[in-house]
Amino acid sequence: MLTLDEADKLLMIPGPTPVQREILTAIAEPTISHTSRPMADIVERCLEGLRAIAQTERGRVFVFGGSGTLAQEAAVVNLVAPGERLLVVSNGFFGDRFVPIAEAHGITVERLAASWGESVTGEQLEERLAAGKVRAVALTHVDTSTGVCAPVRELAGIARRRGALVIVDAVCSFGGAPLAMDEWGIDVVLTGAQKALGVPPGLTILAVSEEAWQRRRALPRVTSYYADLLNWEASMADPQVYFSTHAVNLFYALRAAIEIILGEGLNERYDRHERLARGFRAGAEAIGLSSLTGWRYLAPTMSVLAYPTDVPDERFRSELGRRGVVAAGCLGEFKGRGVRFGHMGNIDQAEIVQTIAAIEDTLLALGRDIEPGAGLAAAQRAMSRSAVAG
Ligand SMILES: Cc1ncc(COP(=O)(O)O)c(C=O)c1O
């Protein structure tokens, strides 16, 4: 078998995702002054586009160099003061990450966690919040470790009614799964660039409600300088104002990505994600790889699949890689038991077909007794059926 260059493989991990050529070439444009008028126009277009994707009229949007973890930290420190209580609703590894982040800033953390593959329910949240008031609740829309898509609309509504501010980590959903910040009563939506937005890694993105902004203003100080959103306020209102150098070329990429997303249309994009997810899982299931995620909570952006008993994790992924597809190992309780695939951002049916074909070929190479083509047939049937169904 020919040895493939890593850059020629199809990146089907749950982020970073494959980057469209027009986004990549945008990055290669000459770097301009971070405080120039043309740069400010680009930043403003990005902020406006992100507001549209977050579905917020009044939300303030912040974008700066960083990652999803920095966005989690920024959300926490701007809303919750040291000594106050944060309730972390966790559906896996990334939900849990809010705990050390908050503790590093002297915040008192309570954790309400689901078993792996399931989600904390509205009832459980209601019960916990009835037992004592918290300043904020941190939710994860899609936890990338378990593939669980939480019922965020319901959970956010409950938290809000109990007087808590609502933080939603949308790193693995933003731009790929429906999320309506204003309508659902979310105070902070946070994400990075590298997943369903389809941009290379390197940006921290937050949308902040008016209530959350008033809260930040009421805090005498926060325990961060770079992540203090008040320090970014003037620069986001007028991007020619300097606070810290804009990530110039990544903004070029983000603008190109936003044009693709809004050009496709949000609802069309969400439908495409649903259809690809259904096709991918139908194909995988037909060749013996079922979801580790509970059926109620399957995410449109990614899947976590269980291995049949005699399939060794590292061998499977390295053989799959030799066949041109990159998948991710599992984390935490699922480590070694399954494999994670992303199907989000700017991919389409062709990439799903390629991935299922590579999985089939890998399983055959590992000696599994599967019917060649069974996965492909199931995937294609599911995708064309849901396309007709609309
Ligand atoms: C749901 C979720 N939250 C937070 C993060 C952390 O983001 P980053 O790796 O960009 O710091 C990730 C990363 O995969 C994630 O999937």
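Values computed for the structure shown
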read-out	value
Within the chain, helix-based [θ] at 222 nm, where runs of 4 or more DSSP H residues each add -39,500 (n - 2.57), nearest 500	-13500 deg cm²/dmol
For the range 102-200, with +1 on Lys and Arg beta carbons and -1 on Asp and Glu, the positive-most of 148, 121, 137 along the dipole	137
Sequence-separation-based contact order of the range 110-269, relative, with Cα cut under 8 Å and 6+ spacing, percent	16 percent
Candidates 204, 146, 223: whichever shows maximal mean-square fluctuation once the chain is modelled as a Gaussian network with Cα springs under 10 Å	223
Between 0 and 90°, nearest 10: helix 152-161 axis offset from the chain longest Cα axis	20 degrees
Cα centroid separation - the range 59-75 against the range 129-169, whole Å	18 Å
Burial ranking of peptide ranges 110-117, 280-287 (average Cβ count within 10 Å, highest at the top)	280-287, 110-117
Acute angle (nearest 10 degrees) that the helix 349-365 long axis makes with the longest principal axis of the chain, alpha-carbon atoms	50 degrees
For the range 120-243, fraction of C-alpha pairs farther apart than 17 Å, in %	62 percent
Residues whose placed amide H lies under 5 Å from that of residue 307, excluding near-sequence neighbours	338, 339
Cβ-based net charge around residue 258, under 10 Å, with every Lys or Arg adding one and every Asp or Glu removing one	0
Residue of 298, 219, 262 that the Gaussian network model of the chain assigns the largest fluctuation, springs spanning Cα pairs under 10 Å	219
Local electrostatic count, residue 170, Cβ distance below 15 Å [Lys/Arg +1, Asp/Glu -1]	0
Global geometry of the chain, whether rounded, prolate or oblate, following the gyration tensor of its Cα atoms and the 1.5 cut on a/c	oblate
Dipole-positive endmost among 180, 159, 236 within the range 114-236 (Cβ charges, Cα centre)	236
Among 17, 25, 293: highest mean-square fluctuation, GNM of the chain, C-alpha pairs under 10 Å	25
Spatially proximal aspartates and glutamates relative to residue 195 (Cα-Cα < 18 Å; intrachain offsets below 8 disregarded)	22, 143, 169, 259, 264, 268, 271, 274, 348, 351
Cα shape, the range 308-390, gyration tensor, a/c 1.5 rule	prolate
Counted charge near residue 358, where neighbours are those whose Cβ lies closer than 10 Å (Asp, Glu -1; Lys, Arg +1)	0
Rounded to 10°, Cα long-axis angle of helix 266-286 versus longest principal axis of the chain	40 degrees
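Laboratory data are not the source of any read-out in this text; all were calculated from the coordinates shown. Predicted, not measured: the structure shown is a model, and the values here were computed from it. Counting neighbours? That spans all protein chains shown, and the Cβs are built from the backbone with ideal geometry, glycine included.
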